[in-house]
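K.L.:
Quick one: the structure is below, and I'll ask about it shortly.
The values are calculated or read from the model by the stated rules, or taken from the named source; none is laboratory data. All of these numbers come straight from a predicted model, not from anything done at the bench. Positions of Cβ are backbone-derived with ideal geometry, glycine not excepted, and every protein chain shown enters the neighbour counts. Remember, those area values only see protein heavy atoms, side chains included, never the ligands or the DNA or RNA. Shrake-Rupley method; radii C 1.70, N 1.55, O 1.52, S 1.80 Å.
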Amino acid sequence: MLRAYAITIAALFLFDAQAGPRVPAVGTADLGAQLLQDATVKNAIDRLKRGEPQVLDEQIRVCEIPAPPFKEARRADAVRRSFETLGLKDVRIDRAGNVLGERAGSGPTPHLVFSAHLDTVFGEEVPIRMTRSGAVLKGPGIGDDCRGLAVLLAVARTFEENNIVTPGPITFVATVGEEGLGDLRGVKELFNGTLKGRVDRFVSVDGAGLGITHVAVGSLRYRVTFKGTGGHSYGDFGIANPVHALGRAIARMGDTRVPDVPKTTFNVGRIGGGTSVNAIASEAWMEVDLRSSDRAALHALDAALQRALDGALAAENARWGNRGRLTLSKQLVGDRPAGRVSADAPIVQAAQSVTRALGLPVSLDEGSTDANLAMSLGIPAITVDGGGSASGTHSVDEAFDSTNSWQGTVRAFLLALALTR
Ligand SMILES: [Zn+2]
């Protein structure tokens with residue numbers, strides 16, 4: 001029944017679609033307003049607005065399939081089936097586990113990649129159950145990024161159902177590994193392998209709200225371990241102590257000066273080690289997170305961390321005349337490149353233009369998302385919020401308030417349309 005309906009609508013708009021709306025180029029301020037004047041586009045938006053309940057159902061359906069870090073396969077398979085049902089072409093799952101589906105344009109360029117991420121921050125032990133009370137949907141991952149996935153599917157469906165012909169092709173992608181230690185492994189494979197050299201524009205739909213992220217906060221994360229022989233606190237006193245070395249390192253790190261602008265931050269997030277109050281530890285460790293929206297500032301902060309660590313090691317060993325000499329290991333567990341796309345860049349202008357055209361507030365943000373990688377490679381990229389509002393992101397009490405969430409769905413569709421020309 002749905003299929004028959006789709007064909008009818010497609011036939012209705014075929015003529016308009018073939019002609020294609022006459023609109024200014026990407027980056028022009030009134031692009032959004034011009035797109036809205038096209039009858040096909042207007043009708044598509046009306047349907048999309050009315051269809052928001054279906055988008056919310058899909059958001060819950062996708063989110064009820066667990067997608068712990070490094071274990072996104074089940075959710076990926078569900079998205080793959082949705083892509084196929086929607087009529088996308090060459091639907092496939094790449095080496096990293098990203099799901100891809102293509103939609104041809106009338107020409108080969110510009111090639112837009114439109115995406116959302118599959119993974120959540122929640123481990124397998126976290127029960128995944130969604131509830132709904134009025135406009136509020138609740139459950140782990142419901143906003144971040146089940147919202148993005150639902151919007152992604154809605155945008156793909158809108159192009160297909162309305163038979164909209166775009167100048168350039170769109171590849172819809174559900175990525176793996178966006179969160180935490182996933183370390184952007186999905187987009188790393190996408191840009192360095194699966195679609196290498198073939199992406200002209202990249203959009204990630206991530207989370208709730210209406211923001212436009214055009215500054216990518218980069219981060220480096222380390223697990224640092226000091227090791228020694230260890231021993232009895234009294235009997236073996238006089239040897240270097242890994243816990244003391246860790247303390248020296250944290251103190252040196254804590255004194256590091258960082259610029260306010262560009263915002264640059266450091267955090268020792270977790271520490272551990274030792275066996276007993278009356279034992280000299282044989283091991284002490286910490287996890288450190290460094291961030292900046294500026295590549296050079298992040299690099300400088302990284303150098304400061306290395307100096308703090310090497311200095312702490314040398315000082316602790318020297319203090320005890322190299323008795324029970326310590327070793328130090330620094331394991332890089334996260335590397336998300338910084339980047340930015342100018343607020344004046346065509347892709348950011350297009351996002352602002354379609355947002356304004358819908359009468360919505362424009363908010364330019366910075367963040368750490370799948371778009372980081374594209375930006376670091378010099379590919380025009382942004383991340384947009386998927387509408388609605390969220391609370392408790394990354395917690396088991398995560399909630400998504402769907403009041404006016406259609407705005408995010410419609411904005412995403414208009415943006416995709418704008419970026420194919
Ligand atoms: Zn996210």
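K.L.:
Taking the criterion of being more than 16 Å from the ligand (Cβ to nearest atom), modelled with pLDDT under 95, open to solvent by 60 Å² or more (accessible area, probe 1.4 Å) and within 26 Å of the chain's Cα centre (by Cα), would at least one residue in the stretch 328-339 satisfy it?
P.N.:
yes
K.L.:
Scan the stretch 391-409 and give yes if some residue there is within 15 Å of the ligand (Cβ to nearest atom), touching a helix residue (DSSP H, G or I) at 6+ places or on another chain (Cβ under 9 Å) and within 29 Å of Ser106 (Cβ to Cβ), otherwise no.
P.N.:
Yes; the residues of the stretch 391-409 include at least one that is within 15 Å of the ligand (Cβ to nearest atom), touching a helix residue (DSSP H, G or I) at 6+ places or on another chain (Cβ under 9 Å) and within 29 Å of Ser106 (Cβ to Cβ).
K.L.:
Criterion first (closer than 21 Å to Val384 by Cβ, away from the ligand (no atom under 16 Å from the Cβ) and open to solvent by 20 Å² or more (accessible area, probe 1.4 Å)) does Arg129 satisfy it? Let's see the steps before the verdict.
P.N.:
Numbers: closer than 21 Å to Val384 by Cβ: no; away from the ligand (no atom under 16 Å from the Cβ): yes; open to solvent by 20 Å² or more (accessible area, probe 1.4 Å): yes.
So Arg129 fails the test.
K.L.:
Any chance the stretch 79-90 includes a residue that's hydroxyl-bearing (Ser, Thr, Tyr), part of a loop (DSSP other than H, G, I, E, B) and more than 16 Å from the ligand (Cβ to nearest atom)? Write out each step before concluding.
P.N.:
Of the residues in the stretch 79-90, the ones hydroxyl-bearing (Ser, Thr, Tyr) are 82, 85.
Filter again for part of a loop (DSSP other than H, G, I, E, B), leaving none.
Within the stretch 79-90 (the criterion being hydroxyl-bearing (Ser, Thr, Tyr), part of a loop (DSSP other than H, G, I, E, B) and more than 16 Å from the ligand (Cβ to nearest atom)), the answer is no, since none of the residues qualifies.
K.L.:
For Thr409, only one of the following conditions fails: (1) among the hydroxyl-bearing types (Ser, Thr, Tyr); (2) open to solvent by less than 30 Å² (accessible area, probe 1.4 Å); (3) over 27 Å from Gly182 (Cβ atoms). What is its number?
P.N.:
(3)
K.L.:
Follow-up. Suppose we filter the stretch 359-383 for residues that are more than 15 Å from the ligand (Cβ to nearest atom) and part of a loop (DSSP other than H, G, I, E, B); how many remain?
P.N.:
Residues in the stretch 359-383 being more than 15 Å from the ligand (Cβ to nearest atom) and part of a loop (DSSP other than H, G, I, E, B): 9 in total.
K.L.:
Is at least one residue of the stretch 308-323 assigned to a loop (DSSP other than H, G, I, E, B) and either in contact with a His (Cβ under 6 Å, 6 or more places away or on another chain) or open to solvent by 70 Å² or more (accessible area, probe 1.4 Å) (or both)? If you could, list the steps in order and put the result at the bottom.
P.N.:
So in the stretch 308-323, the residues assigned to a loop (DSSP other than H, G, I, E, B) come out as 320-323.
Next cut, either in contact with a His (Cβ under 6 Å, 6 or more places away or on another chain) or open to solvent by 70 Å² or more (accessible area, probe 1.4 Å) (or both) only: 322-323.
Taking every residue of the stretch 308-323 in turn, at least one turns out to be assigned to a loop (DSSP other than H, G, I, E, B) and either in contact with a His (Cβ under 6 Å, 6 or more places away or on another chain) or open to solvent by 70 Å² or more (accessible area, probe 1.4 Å) (or both).
For every residue, the table says whether it meets (1) closer than 16 Å to Gly339 by Cα; (2) modelled with pLDDT of 95 or more.
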site: Pro262; (1), (2): yes, no
site: Gly272; (1), (2): no, yes
site: Thr275; (1), (2): no, no
site: Ile280; (1), (2): no, yes
site: Trp285; (1), (2): no, yes
site: Leu290; (1), (2): yes, yes
site: Arg295; (1), (2): yes, no
site: His299; (1), (2): yes, yes
site: Ala303; (1), (2): no, yes
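K.L.:
Moving on. Quick check on my filter: what residues within the stretch 349-367 are surrounded by fewer than 23 Cβ atoms within 10 Å (Cβ to Cβ) and either closer than 30 Å to Leu181 by Cα or among the aromatic types (Phe, Trp, Tyr) (or both)?
P.N.:
The answer is Ser363, Leu364, Asp365, Glu366, Gly367.
One line per residue, one yes/no per condition, for (1) open to solvent by less than 30 Å² (accessible area, probe 1.4 Å); (2) within 16 Å of the ligand (Cβ to nearest atom); (3) in contact (Cβ under 8 Å) with a residue 60 or more places away in the chain; (4) of a type outside the set (D, E, K, R):
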position: Ala150; (1), (2), (3), (4): yes, yes, yes, yes
position: Leu153; (1), (2), (3), (4): yes, no, yes, yes
position: Val165; (1), (2), (3), (4): no, no, yes, yes
position: Thr175; (1), (2), (3), (4): yes, yes, yes, yes
position: Leu184; (1), (2), (3), (4): yes, yes, yes, yes
position: Thr194; (1), (2), (3), (4): no, no, yes, yes
position: Val224; (1), (2), (3), (4): yes, no, yes, yes
position: His232; (1), (2), (3), (4): no, no, no, yes
position: Asp236; (1), (2), (3), (4): no, no, yes, no
